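Written out below as structure tokens is the structure these notes cover.
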Amino acid sequence: MRDLIFKKIFIPFYHYIYRNNSRVKAYKKLIRRDLLSYDDLLFIQWKKLKKLINYCYKTIPYYQKLFNSLDLHPLDIKTLKDYRSIPEFNKLSIVENKNELINPELAQKNLIINYTTGSMGIPAKIYRSLDDQENICALRARSNSWCGWNLWDKTFCLLTDQRYIKQADSLTGEFSVFLNRKNIADTKNVCPERMFSWVKQIRKFKPNYLYGYSSLLEEFSVFLTNENINIEGLKGIFSTVEPLIQRELISNAFKAPVYDEYGCSEVPCIAHECQKGSMHINIDEVLVEFEEAEGDFEAKKLICTPLYLYGMPILRYNTEDTALIKTESDYCDCGLAYPAIKLRVSKGNDNLISSNGKLVSGVVIASYIPAVTSGIKQFQIVQKDLLSIKVKISNYEGPVEENERNIRKLLYELMDTSSIKVNFEYYEEIPPDINGNLRPVISNIESNLSYKANIRAKTLN
Ligand SMILES: [Zn+2]
């Protein structure tokens, strides 16, 4: 009965009237497509792709120039093969062409800036319209629903968006948590005391699902296991943003299945696992092309086009990840017609640990760097030991002193200490690792979890 009231009254009221957004409407449209056939989904994909190409040609300065330089008109694109005549795009292309990629029809003040948490240490800003944001949330909600989640289910989030944390502390925040049934943990300065507070918060809120960065879920799982704390009643755990490495550990700690989401800041929610564990691509909203990967005969590069984002449209984005395409013989029997892939995602960021035992998510650091600096082409943060951090930068035209001051300030704040030594090194190009990757945040400390050995015995009130 309570769920029905939230489904029929509170959730629609929260989105339609209180927040004045289109999320519920978009979500309903998306879940209806779960019943469609593969061919129907492809038909929608093609229609949306044609609309996006036309729009880019008519409206977005970068694509107007690109199409002209290629002597290409949208009418020339009759097949996916024709579409491939548009060159691949990457993170550096976003940094270099940002101003010409922003949709001039949408006033800049109405756009929301997202910062990438990228795989190559390239700090890029992504611009979204309010509709883009809601469509991303609706697509994520549809993907979560493949694992039994409902729009009215209570969800506890281990993310690090401090804008929402501020909101949740206020009275209106409490009201939002009640109406929207989403509670967001304060993940600043993670330490045992902080995790005890999450336990209290979860026991009070009684969520059906947990949603969070995989490394935070992992840290919390180790803490719960070490402290012998049981969290009851969870139906599932959603892991996002970072590669899911410790599925079993997390599943055992929460006694619930763990589901993985695949996407990036540039192309959110590309694919999501179903209850049977297959990673299905949202092909009606994201076009994924598979291209030969250098030096790998099995796996393919993933070139993605988000078909629903118009604030800063991106065509043919190379995610830098590869995947194996599942053949028809190992098709998932969950009933969804969205095709499945087996991902090969490279290792993500490490978390940093300060001498006072506080832990900082590498994703958070990587996503805040573009917010506090300018003119940096590429960066890498390396924690050498508990007392020193090296920041590698390849810098063009950036205000050096200001960038250094801001990065130092950010690290002191996030690590909750100013006793850490931060040194800067400048490169023409930061050398990649042995696999050709450049992970933005690396820790040389043997285990990010080692500090847990020092957890003081505590009792929960
Ligand atoms: Zn499936």
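The values are calculated or read from the model by the stated rules, or taken from the named source; none is laboratory data. Predicted model only: the values in this text are computed from it and were never measured. Reconstructed Cβ throughout: ideal geometry from the backbone, glycine too, with neighbour counts over all protein chains shown.
Structural remarks
- Of the candidates Asn356, Asn351, the single residue that is buried (at least 20 other Cβ atoms within 10 Å of the Cβ), more than 16 Å from the ligand (Cβ to nearest atom), at pLDDT below 90 and of a type in the set (S, T, N, Q) is Asn351.
- Checked against the criterion of being in the same structural domain as Ile314 (by TED's automatic domain parsing), charged (D, E, K, R) and within 30 Å of Gln45 (Cβ to Cβ), the candidates Glu232, Glu219, Glu227, Glu292 yield just one match: Glu292.
- Odd one out for Pro306, checked against (1) modelled with pLDDT of 95 or more; (2) farther than 30 Å from Pro370 by Cα: (2)
- Screening region 226-240 for residues that are surrounded by fewer than 23 Cβ atoms within 10 Å (Cβ to Cβ) and touching a residue at least 40 places away in the same chain (Cβ under 8 Å) and picking the one that is nearest to the ligand (Cβ to nearest atom) gives Gly236.
- Qualifying residue in region 383-399 (condition: surrounded by 19 or more Cβ atoms within 10 Å (Cβ to Cβ), more than 23 Å from Glu428 (Cα to Cα) and more than 16 Å from the ligand (Cβ to nearest atom)): no
- Residue within region 306-323 that is more than 20 Å from Glu88 (Cα to Cα), in contact (Cβ under 8 Å) with a residue 24 or more places away in the chain and either more than 11 Å from the ligand (Cβ to nearest atom) or crowded, with 16+ Cβ neighbours inside 10 Å (or both) present: no
- Within region 25-106, helices (runs of 4 or more DSSP H) holding 3 or more residues that are surrounded by 16 or more Cβ atoms within 10 Å (Cβ to Cβ): 38-59, 61-69, 91-101
- Tyr259 being within 16 Å of the ligand (Cβ to nearest atom), under 16 Å from the mean Cα position of the chain (by Cα) and either surrounded by 20 or more Cβ atoms within 10 Å (Cβ to Cβ) or at pLDDT 95 or above (or both): yes
- Of the helices (runs of 4 or more DSSP H) lying entirely inside region 121-191, those carrying at least 1 residues that are modelled with pLDDT of 80 or more are 130-145.
- Residue tally, condition more than 16 Å from the ligand (Cβ to nearest atom), in contact with a strand residue (DSSP E or B) (Cβ under 6 Å, 6 or more places away or on another chain) and not β-branched (Val, Ile, Thr), over region 262-297: 8
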